[in-house]
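**Q** Below: one structure in structure tokens.
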Amino acid sequence: MARETWGSRVGFVAAAVGSAVGLGNIWMFPWRAGTLGGAAFLIPYLILLFAIGVIALTVEWTLGRSTKGGPIVAFQKAGLPGGKYLGLLVNIVMVMIFAFYSLVLGWILRYFIAALTGELLKTHPGAFFEGLAFSKEAMIWQFVVIMLTVAIVALGVQKGIEKANKIMMPALFALLIILAVRSVTLPNAYEGLKFYLLPDISKALAPKTWMIALSQMFFSLSVLGNTMVVYGSYLKEKDDIPLSAVATAFGDTAVAVTAGFLIFPAVFAFGLEPGAGPGLVFVTLPMVFQKMSGGTFFATLFFLLLLFAGLSSTVSMLEVYVDSAITKLNMDRKKAAILLGLLTFIIGAPSALSPYYFESILINISTVYIGPLGALIAALALIKFGIEKAYEEVKKGALFEVPTFWKPWVKYVYPAVIVLIYLYTIYGMLGG
Ligand code: PFF
């Protein structure tokens, strides 16, 4: 059977932005920016986005398009030694990411329902979160989220993934803007804007800020050698890789930055703490909604926004290993989506009961210890494929000239940067 392709360029960019924009933008970015000095975090992030992020997307899409395959096929065809096993490894990482991500998205689904029914505005947010986060109930919501993802992936690239994203992405942008406007026009919003926009230069120059900005960016752009390789494999020769990379990087960052405009002014307007970290969205924001007029309405919109952002990302996760099962095991798409969805649930469900399994096993192994290696493996595969051939490939369909420095940048700078972040993070994790 012929490999599926995207129906249109807009559809592809919507799907790529859909994958990139997720909990990483609305949940993690403001918390990182909040703890690392607001604007001081933004400056390195934006510099690195253009120096590394855009290139990273072109690398993974070029690899996917030229080999017409997801990671296993791509690494093998590129001639990377052990390509099959390395491909398998990034597939396993993807299962682990979806396994923990689905728990968090399950909480969001529960919050959305609580917001819609008005329940959220009457509860004590801290107690509500404590009662939900690691519980049998959370496992049920996790299951629902996985099955929603299965339903979209089962419909295929054009009718499922592309169509869902073409609906969810514009809705997401609209919701984001409504909420950000509401937030910045609250009385006292000014304090939050000051916090978010005035940089503390010493923090902006600290190596730690740059390293965290880099690993945040990789996760946020979904460049871990899996999702973007698969999405690239559905591209046609006439599709414009560099321009789509710029559009995706821009869209992803615009959402992350706007999420900060949504969160900080509101948090400051009601005298709450901006540095709450992971609890910012689940505990602090519901307190904001409780104090705000029209709180039920805005809370419902906010959790709907998060739900769209998260689902368009989980779809891109499941697609990675569904595609592997279709091409490598000759499985039918629907069957693969259901079976692999169930497998993800089996692996993810214990995280609903054990914070240790959730964080120390699933999150740390998949995003810290092995995840970044996926990006490195994809880069090495493209180098093995041949940088000249890759350069010819990236230029196909491109509206603007791709500068020749793309070649040394991809061959030397990009892999070196990944190794650097990797060593730094591991060093930090080991208590260095
Ligand atoms: N980019 C997504 C986010 O920011 O939430 C998460 C993600 C999706 C990471 C797909 C990795 C991936 F392959």
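Taken together, the values in this text are just the output of simple stated rules run on the coordinates, not laboratory data. None of these values were measured; they are calculated from a predicted model. Glycine gets a Cβ as well: all are built from the backbone with ideal geometry, and neighbour counts include every protein chain shown.
**Q** Of 184, 150, 413, which has the largest mean-square fluctuation in a 10 Å C-alpha GNM of the chain?
**A** 413
**Q** Roughly how tilted is helix 207-220, in degrees to the nearest 10 and between 0 and 90, from the longest Cα axis of the chain?
**A** Helix 207-220 sits at roughly 70 degrees to that axis.
**Q** Mind pulling the angle between the C-alpha long axis of helix 295-329 and the longest principal axis of the chain? Nearest 10 degrees, somewhere in 0 to 90.
**A** So the helix axis and the longest Cα principal axis differ by about 20 degrees.
**Q** Can you give the helix-only mean residue ellipticity at 222 nm for the chain, where every DSSP H stretch with n ≥ 4 adds -39500 (n - 2.57) and the sum goes over all residues, rounded to the nearest 500 deg cm²/dmol?
**A** Dividing the helical sum by the residues of the chain leaves -22500 deg cm²/dmol.
**Q** On to the next question. Running a GNM on the chain with Cα contacts under 10 Å, which residue among 35, 404, 258 ends up with the highest mean-square fluctuation?
**A** 404
**Q** Scanning the chain for chymotrypsin sites (Phe, Trp or Tyr not before Pro) in DSSP loops with at most 10 other Cβ atoms within 10 Å, what's the longest stretch left with none?
**A** 1-399
**Q** Also, I was wondering about something else. Using the count of nearby Cβ atoms within 10 Å as a rough guide to exposure, how do 252, 240, 332 rank from fewest to most?
**A** By the 10 Å Cβ count, ascending: 332, 240, 252.
**Q** Please return the longest stretch of the chain lacking exposed loop sites, where GluC sites (Glu not before Pro) count only if DSSP places them in a loop and at most 12 other Cβ atoms lie within 10 Å.
**A** Result, exposed sites excluded: 1-236.
**Q** Roughly what angle does helix 83-116 make with the longest principal axis of the chain, taking Cα atoms, 0 to 90 degrees, to the nearest 10?
**A** The angle comes out near 20 degrees.
**Q** Which value, in debye to the nearest 20, describes the size of the charge dipole of the chain about its Cα centre when Lys and Arg Cβ atoms bear +1, Asp and Glu Cβ atoms bear -1, and nothing else is charged?
**A** The dipole magnitude comes to about 680 debye.
**Q** At what distance in angstrom do the alpha carbon centres of region 232-279 and region 193-210 lie from each other?
**A** Taking the Cα centre of each part, region 232-279 and region 193-210 sit 18 Å apart.
**Q** Residue by residue through region 368-383, what is 3J(HN,Hα) from phi via Karplus (6.51 cos²θ - 1.76 cosθ + 1.60, θ = phi - 60°)? Round to whole Hz and write x for glycine and proline.
**A** 9, 7, 10, x, x, 5, x, 5, 5, 4, 4, 5, 5, 4, 5, 5
**Q** Moving on. Using only the alpha carbons of the chain, what is the convex hull's orientation-averaged projected area in square nanometres?
**A** 19.1 nm²
**Q** Within the set 84/334; 389/411; 136/334; 163/389; 236/395, which residue pairs have Cα atoms separated by over 21 Å?
**A** Pairs exceeding 21 Å: 84/334; 136/334; 163/389.
**Q** Could I ask something else about it? Could you tell me which trypsin sites (Lys or Arg not before Pro) in region 160-262 are loop residues by DSSP with no more than 15 other beta carbons within 10 angstrom of their beta carbon?
**A** Here the sparse-neighbourhood loop sites are 236, 238.
**Q** Modelling each spin label as a point 7 Å along the Cα-to-Cβ direction, I'd like the residue 404/residue 47 distance in nm, to one decimal.
**A** If labels sit at residue 404 and residue 47, their model points lie 2.8 nm apart.
**Q** Are there any trypsin sites (Lys or Arg not before Pro) in region 63-132 that are in a DSSP loop and have at most 14 other Cβ atoms within 10 Å? List them by number.
**A** 122
**Q** Note down the nm distance, to one decimal, between modelled labels 7 Å out along Cα→Cβ at residue 334 and at residue 202.
**A** Taking the two extended label points, one gets 6.3 nm.
**Q** Could you compute Rg(Cα) / (2.2 N^0.38 Å) for region 225-377, with N its residue count?
**A** In units of the globular-protein estimate, region 225-377 measures up at 1.30.
**Q** Fewest Cβ neighbours within 10 Å first, please rank 287, 96 accordingly.
**A** 287, 96
**Q** Can you compute 3J(HN,Hα) from phi for each residue in region 405-414, using the Karplus curve 6.51 cos²θ - 1.76 cosθ + 1.60 with θ = phi - 60°, rounded to whole Hz and x for Gly and Pro?
**A** With the stated coefficients, region 405-414 comes to 5, 3, 5, x, 5, 6, 6, 10, 5, 4 Hz.
**Q** Taking θ as phi - 60°, what are the ³J(HN,Hα) couplings along region 342-356 by the Karplus curve (6.51, -1.76, 1.60), each to the nearest whole Hz, with x for Gly and Pro?
**A** Working through the residues one at a time gives 5, 4, 4, 5, 4, 6, x, 3, x, 5, 6, 10, 10, x, 5 Hz.
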